[in-house]
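What follows is one structure encoded as structure tokens, with my remarks underneath.
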Amino acid sequence: MLISLSILLLIIILSLYTFAPHPPATPKQAANITELETYLNQLVASGNPPGLSAVVVKDGEVVYNKAFGFADGPRNIKATPDTVYHWWSMTKIPTAFAIMQLQEQGNLNLDDEVRKHLPWFEVNYPSTTSPAITIRNLLQHTSGLPDPIPAMIGWVHYTDETFDQTEVLKKYLPEFNTLKFEPGTKAVYGNLNYMVLGAVIEAVSGQSYETYITENILQPLGMSQTSFVYSRAMAEHEAAGTLPVIHFFTPLLPTLLDTNTLIRERDGKMLWMNRVYIDATPSTGLIGSAPDVAKLMLAYLNRVTPNGQLILLPESISTLTNTAPLDGRGLGWAVGESNGERYLEHGGGGPGFAAIMRLYPDDRLGIAILSNGTDLDRDGLADLIKSLNW
């Protein structure tokens, strides 16, 4: 009986492995653009992801901007440089920029206690002597607040609208208001930190979070193909999200979501998704194109917008760039090193889409990859693109 069960289990595992999509392993380096593109074409041909866009900026200009595969395979729509993808957690970088802008205006300070701006913010601290959570703690993920994943996967809607982010936070905070550790003692990534920052932005600016980001970051940078809701122009370049039929997310989704509404169709090994929005926009809400990410990277690396305006003062960029990381987390950015070179990056991922934005400030180099696949070797691809002599 034991042998029979073992054989049956082995058959099931082998069947699942065979049916799951298998992207080719990411090379450590590419000798030239032809080698890079040969691999990227192989990657999208695997179907996981079915499409991606890549952009590189160097010394103040876009030096590479190309797309591969399909924005929507069943409808035979190819990906282009203008294809629009969910950013997911890459949204945290514009949120961090907004906080720095508000500090520049004298409306807040990074070391302010959160309750100074959100008097109703109540959490359970580890002890009676715990330091209060500050805005700096939220930016660096050192607050101790728990991450609401996987529950957050279910905080979605399918209509073209956004919600009051202060009310969204008030709704969910009571479920996640017990701190996991003393503020400031370590860094543990969590989406709730940036949901709180969104409410702070609303309280300090007197605007909705989405309006503030649009008027003070997206519009000054000319990011016309990026927003929190698909515009008509964005919809013309919309990528459909995908999820492998065999994936650890797949059995989880029915417990959190209405899969009949989420899943548009199945095509072979892949599930193709309908348009979906996340309720909590400050941590995960932006949708946009690779060229728009390039504009954001250029403004940060060059410190000016296309029309010569500052998006952030040099002191703010220096603070975000040079704050000593704790457990790999700086302010807004994750801080890493590749081949002896320090970089700043932020990834984004969830059902349907995955993305990464990486900057090498000393080299004035920026790399971004956006895809309509749930799985993506983000760091491996960023390393691969960096291996070329741009």
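The values are calculated or read from the model by the stated rules, or taken from the named source; none is laboratory data. In this text, all values refer to a predicted model and were calculated from it rather than measured experimentally. We place every Cβ from the backbone using ideal geometry, glycine too, and count neighbours over all the protein chains shown. For the accessible areas, the whole protein counts, side chains as well, though only heavy atoms, and no ligand, DNA or RNA atoms are used. Shrake-Rupley method; radii C 1.70, N 1.55, O 1.52, S 1.80 Å.
Give me a count of the residues in segment 360-390 that are assigned to a strand (DSSP E or B) and either of a type in the set (Gly, Ala, Ser) or crowded, with 24+ Cβ neighbours inside 10 Å (or both). Walk me through it before giving the result.
Here is the first cut: in segment 360-390, the residues assigned to a strand (DSSP E or B) are 360, 365-371.
Add one more test, that the residue is either of a type in the set (Gly, Ala, Ser) or crowded, with 24+ Cβ neighbours inside 10 Å (or both), and what stays is 366-371.
The total comes to 6.
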Considering only segment 309-334, state which residues are closer than 16 Å to Leu138 by Cα and among the β-branched types (Val, Ile, Thr).
-> Thr319, Thr323
Can you give me the ranges of the strands (runs of 3 or more DSSP E) entirely in segment 216-311 with at least 1 residues that are touching a Lys or Arg at 6+ places or on another chain (Cβ under 8 Å) and of a type outside the set (Val, Ile, Thr)?
-> 242-244, 270-273
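Mind listing whichever residues of segment 153-180 are among the β-branched types (Val, Ile, Thr), closer than 15 Å to Met195 by Cβ and part of a loop (DSSP other than H, G, I, E, B)?
Residues of segment 153-180 among the β-branched types (Val, Ile, Thr): 153, 156, 159, 162, 166, 168, 178.
Filter once more, so that each one left must be closer than 15 Å to Met195 by Cβ: 153, 156, 162, 166, 168.
Passing the criteria: only Thr162.
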Index of the failed condition, Ala239 passing every other in (1) more than 19 Å from Ala151 (Cα to Cα); (2) at pLDDT 95 or above; (3) more than 17 Å from the chain's Cα centre (by Cα) | (3)
Tell me, yes or no, whether segment 93-106 has at least one residue that is of a type outside the set (S, T, N, Q), part of a loop (DSSP other than H, G, I, E, B) and in contact with a Leu (Cβ under 7 Å, 6 or more places away or on another chain).
-> no
Within segment 181-199, restricting to residues that are assigned to a loop (DSSP other than H, G, I, E, B) and hydrophobic (A, V, I, L, M, F, W, C), the one that is most open to solvent (accessible area, probe 1.4 Å) is Val188
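Evaluate the following for Val62: is it open to solvent by 40 Å² or more (accessible area, probe 1.4 Å), within 19 Å of Glu345 (Cβ to Cβ) and either modelled with pLDDT of 95 or more or assigned to a helix (DSSP H, G or I) (or both)?
Working: open to solvent by 40 Å² or more (accessible area, probe 1.4 Å): yes; within 19 Å of Glu345 (Cβ to Cβ): yes; either modelled with pLDDT of 95 or more or assigned to a helix (DSSP H, G or I) (or both): yes.
Judged against the criteria, Val62 is a match.
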Provide a single number: the residues in segment 274-318 that are at pLDDT 95 or above, more than 16 Å from the chain's Cα centre (by Cα) and of a type in the set (S, T, N, Q).
-> 3
Can you tell me how many residues in segment 248-278 are crowded, with 20+ Cβ neighbours inside 10 Å and either on the phi > 0 side of the Ramachandran plot or not hydrophobic (A, V, I, L, M, F, W, C) (or both)?
-> 1
Only one of Thr129, Thr142 is open to solvent by less than 10 Å² (accessible area, probe 1.4 Å), at pLDDT 95 or above, more than 30 Å from Ala67 (Cβ to Cβ) and in a loop (DSSP other than H, G, I, E, B), namely Thr142
Residue within segment 67-87 that is surrounded by 23 or more Cβ atoms within 10 Å (Cβ to Cβ), outside any strand (DSSP E or B) and hydrophobic (A, V, I, L, M, F, W, C) present | yes
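Kindly establish whether Ser208 is closer than 24 Å to Trp333 by Cα, open to solvent by 40 Å² or more (accessible area, probe 1.4 Å) and of a type in the set (Ser, Thr, Tyr). Give the steps one after another, and end with the answer.
On the way: closer than 24 Å to Trp333 by Cα: yes; open to solvent by 40 Å² or more (accessible area, probe 1.4 Å): yes; of a type in the set (Ser, Thr, Tyr): yes.
So Ser208 fits the description; yes.
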So, first residue part of a loop (DSSP other than H, G, I, E, B) in segment 24-46, second residue open to solvent by 80 Å² or more (accessible area, probe 1.4 Å) and at pLDDT 95 or above, Cβ within less than 6 Å, six or more apart or across chains; the pairs are Pro24/Gln42
Could you grab me the full set of residues in segment 312-357 that are in a strand (DSSP E or B) and in contact with a His (Cβ under 8 Å, 6 or more places away or on another chain)?
-> Arg329, Ala334, Gly348, Gly350, Gly352, Phe353, Ala355, Ile356, Met357
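Name the one entry in Thr142, Thr134 that is more than 24 Å from Ser231 (Cβ to Cβ), in contact with a Gly (Cβ under 7 Å, 6 or more places away or on another chain) and of a type in the set (Ser, Thr, Tyr). If you could, list the steps in order and put the result at the bottom.
Details: Thr134 fails: in contact with a Gly (Cβ under 7 Å, 6 or more places away or on another chain).
Among Thr142, Thr134, only Thr142 is more than 24 Å from Ser231 (Cβ to Cβ), in contact with a Gly (Cβ under 7 Å, 6 or more places away or on another chain) and of a type in the set (Ser, Thr, Tyr).
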Could you list all residues from segment 25-54 that are over 17 Å from Leu388 (Cα atoms) and either loosely packed, with under 11 Cβ neighbours inside 10 Å or modelled with pLDDT under 65 (or both)?
-> Ala25
